[in-house]
Structure formats: structure tokens, C-alpha cells
1. Would you check if there is a residue in region 204-222 being in a loop (DSSP other than H, G, I, E, B) and either touching a strand residue (DSSP E or B) at 6+ places or on another chain (Cβ under 8 Å) or aliphatic (A, V, I, L, M) (or both)?
2. Starting from residues that are surrounded by fewer than 17 Cβ atoms within 10 Å (Cβ to Cβ) and part of a loop (DSSP other than H, G, I, E, B), keep the ones in region 113-135 and report whichever is nearest to the chain's Cα centre (by Cα).
3. Restricting the search to region 136-172, which residues are crowded, with 21+ Cβ neighbours inside 10 Å, aromatic (Phe, Trp, Tyr) and over 24 Å from Gln208 (Cα atoms)?
4. Among the residues of region 248-256, is any under 25 Å from Glu165 (Cβ atoms), in contact with a Ser or Thr (Cβ under 7 Å, 6 or more places away or on another chain) and free of Cβ contacts under 8 Å to residues at least 40 places away in the same chain?
5. Could you tell me which numbered condition Arg224 fails, if it satisfies all but one of (1) surrounded by 13 or more Cβ atoms within 10 Å (Cβ to Cβ); (2) more than 15 Å from Phe188 (Cα to Cα)?
6. Could you go through region 183-201 and let me know if any residue there is of a type outside the set (A, V, I, L, M), at pLDDT below 95 and closer than 30 Å to Glu119 by Cβ.
7. Looking at Asn94 and the list (1) over 27 Å from Leu64 (Cβ atoms); (2) of a type outside the set (A, V, I, L, M); (3) buried (at least 20 other Cβ atoms within 10 Å of the Cβ), which single condition is not satisfied?
8. Would you mind telling me which numbered condition in (1) in contact with a helix residue (DSSP H, G or I) (Cβ under 9 Å, 6 or more places away or on another chain); (2) touching a residue at least 40 places away in the same chain (Cβ under 8 Å) Asn229 fails?
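The values are calculated or read from the model by the stated rules, or taken from the named source; none is laboratory data. Remember, it's a predicted structure, so these values are computed and weren't measured experimentally. Virtual Cβ from ideal backbone geometry, glycine too; neighbours counted across all protein chains shown.
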Amino acid sequence: MQTLKIFQSLWAMEQRHPFLEEPTNEEKFEKIKSAGFDGICIDLAAHEVEDFKKTQPLFEQHKLECMVNAFPYALDELNPVLQLAKDFDACFVNIIGGVMPVDFRDGIPVVEKWMEDGESIGMDVLFETHRDSILNDLYYTLQLIEAVPEMRLCADLSHFVVDREMWTPISDRDQDYINQILDRSDCFQGRVASREQIQIQLDFPQHQVWVDIFKEWWHEGIKRWKKRNSEDATLVFLCELGPPGYAITDAQKLELSDRWQEALQIKAWIQSIWNELEESA
């Protein structure tokens, strides 16, 4: 039976509040566990490995699974993060690669090297659709995944909405491009963007057109994932609502919405989508 696991980003738990003290990692892990999430995603570059090793007992204590977002800025910087992921028994490593050749053909050996690094240590790797990374823009990504058929993605579609400044309604051309991304994605991330802003409030009336678009994309992506995967496969969906400056703030540096409640809302949406698809199978 296929399984859905919903993770929360540890980075997304940062408050960056102008007046309040930042919660401890212990408090963040407890809050995530109490809310019913299955795991936590940690974000790190090679030079941060030693600091993040300190979180391993918290994963064990709270019986939470681990996903790792890796930020290698050189070809040889992925291996230390892969080793940490292996030690943490992470489900996979999601790469936001800081090696960014201008020509996609020069990107082929980069992703192949990182895929080989993952294979050599026995760790699955995905590549995130993310600005300021090797998958910076939609067109580059489409060319690269065509050139490297074995390459699998983690779809954070918010970046491509902003990258392309997509209009509503979504054009047939852009929908076809998004479908190509969904077909290669083995993980999905929860954030809603508009054509001008990377992260918008979920309950504002003016944002509902974009909320509906993202919910439909998540529905379509999960449906396609279920169709092409085996009966014992597990899908990870990551709620990742970033702190300021992803989150929009007012003149007092206070956020315009409650990101934690929004993460719980996305979690509920994804569980509902999964249940609907299970019932219709």
C-alpha cells in the first residue's frame, strides 16, 4: 500500500521575530511532533555538518524521520552532507546546487557527478526546482531533465511561478511545462507564490486564485506520482513556509499571517488530496 508522509521544514520554524526570543530546537521538534508531522527537513551546506549532528538525538527522541536539503557550492561539497544523511537514516537528500553553469549542457556532468556520489554511498538524491541554483529557471530545467533521464526532482513550483512571472489563468503552454516537471518529481513542497511574490498569505481573498492553482498542481503531481510508483512506495511532501524575508512583513517587521497555522492548513490539504485519490483508485 502506498504511503504519504508529511514533513515540516526546520528552517521554516525560524521566527525571526523582532521582539521575541527564538525557540530552541528542542521546542521546535516537540511542536512538530505534537502536530502530527512524520518528519523534519534540515537545510545545510558542507561547513554546517558538525552543527547539525547535534540534532540527531532529537530525531531519535521524537521518533521523527529525516529529510536533508543540501547546498553544495562546489562539486566535492556534497559528500559530507550525504554522509550525515546516511548517519541520520534520511529518506533522501534534496540538492539545491550552487554550481550553476550557464549552458545546460555544462550542467549535465554536474548533476551526474552528484547522482554518482549519492549512489556510491547508497543515498537517493533529488534536485530541487529552486532559484539561484542549478535548476534556477524552468527552461534550463526542462532541457536538463531531457538530457539526463535518470534525474529526479523535488518540485517547489513557487520558484518557477516567480521565475516565469506566470499569468492567470495558467496558459496551456505553461501547464504543459509544469506537467513535465510533475512527471519527474518524487517529492513536492508546500508554498504558494504569485507571479510577483515567492510566498503569499493563504487566506487573503486576493490570493485565492493562486491557492487554487497550487492545490490543483499538488493534486495532479500526487496523482501522477501514484500512477507511476509501486504499491509499497512512499511519497514525502514537505511543508516549507519560509521566515522573513520569504514571509512578508509590515513596517514593524511583523508577519502578515501565522505561518505555523498555514503549514497546518497545507498539511490538511495534502492529506485530503491523498485520501481523495486513495478512495478513487
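1. Our first condition is that a residue be in a loop (DSSP other than H, G, I, E, B); within region 204-222, this holds for 204.
With the extra rule that they be either touching a strand residue (DSSP E or B) at 6+ places or on another chain (Cβ under 8 Å) or aliphatic (A, V, I, L, M) (or both), the set shrinks to none.
No: region 204-222 contains no residue that is in a loop (DSSP other than H, G, I, E, B) and either touching a strand residue (DSSP E or B) at 6+ places or on another chain (Cβ under 8 Å) or aliphatic (A, V, I, L, M) (or both).
2. Arg131
3. Selection gives nothing.
4. yes
5. Condition (2) is where Arg224 drops out.
6. At the first step, the residues of region 183-201 found to be of a type outside the set (A, V, I, L, M) are 183-191, 194-197, 199, 201.
Then drop every residue that is not at pLDDT below 95, which leaves none.
No, region 183-201 contains no residue that is of a type outside the set (A, V, I, L, M), at pLDDT below 95 and closer than 30 Å to Glu119 by Cβ.
7. Result: Asn94 passes all but (1).
8. (1)
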